[in-house]
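Nothing in this text is a laboratory measurement; each read-out follows from the coordinates by a stated rule. In this text the structure is predicted, and so the values were computed from the model without any measurement. For neighbour counting, all protein chains shown are included, and Cβ atoms are generated from backbone atoms with ideal geometry for every residue, glycine included.
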Amino acid sequence: MTAVTNTWRQLVRRRLWPVALLLLAALAAVPFVLASEPELPPPADPLPALSKGDELAEPVVAKVAAGDRARRRRVLGVRKDPFRPATPKKAKKAKSTVKQPKPSSGDQKPSTTESTPSPSTGGGGGFVDPAPSTTTPAPPKPHFPAGSLLLRFGNATSDVLPGGLVRKLEPLPPDASEEPLLVYLGLTKNKKKAKFLVDAALTPTGDGTCKPHPSSCETIELAAGETEFFDVIDSETGEPSAQYQLDLVRINK
């Protein structure tokens, strides 16, 4: 009793005596709960038995007899080998009727002609387009300034004379390291000849025309296709030391 009394006092001091009362009540109620058995639910009604005439009694899948295996089954369509490539379909030929105009006289009837165009070689049908014609453009013509000259000028003893384009007031030879022997002054009034200023040490000979006089040739006039030779006279000996050749090829008007 001392242990029970001490326990009760401790519960009272700690204010846990309501919890102790609930536990005692629960312990007292356990035997009564276990003694009472729960009522079982009533049994369910049994399912009605199906008769032989019911549709549900028949099986969904019919049994296969021994004689049905030897019978050949027939299916829709044609049997096809899955490993054989399919044959391409032939392209249909398009037919076009061209009606001709009615004749002016007589009882003749207009005839109709059928034309069958050839199918294209590609995958789909249609007409074959003609290959586009390729035309090569003509090379552009060279353009020269108006009043310029195409000529050849150099030492007469050389096999090939250097040539090129000479504009107005340009010297000959064009090399700046040498003193100019001729200077192109321009064209005459009729645009048919070219005028050159001649150095005093030169003596011209050829197709050109000296101005103002053949004995004193200050300028010389040349037409296209003409040639002129110029002798360089040595001032001490009075004899020609070199000779130059001028070929006027073209005048660009």
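Can I get the semi-axes of segment 166-253's equivalent ellipsoid? Compute them from the C-alpha gyration tensor as square roots of 5 times the eigenvalues, in angstrom, largest first.
In descending order, the three semi-axes are 22, 15, 11 Å.
At 0.36 nm per residue, minus the direct Cα-Cα distance, what do residue 90 and residue 146 gain on full extension? Give it in nm, one decimal, please.
13.2 nm
Would you kindly state how much longer the chain becomes between residue 134 and residue 14 on full extension, computed as 0.36 nm times their sequence separation minus their alpha carbon distance, in nm to one decimal?
Extending this stretch completely gives an extra 31.6 nm.
Can you give the local net charge around residue 194? Use residues other than it whose beta-carbon is closer than 13 angstrom to its beta-carbon, Lys and Arg +1, Asp and Glu -1.
Computed value for this residue: +4.
Relative to the present Cα-Cα distance, how much length would full extension add between residue 179 and residue 218 at 0.36 nm per residue of separation?
Length difference between fully extended and current span is 12.3 nm.
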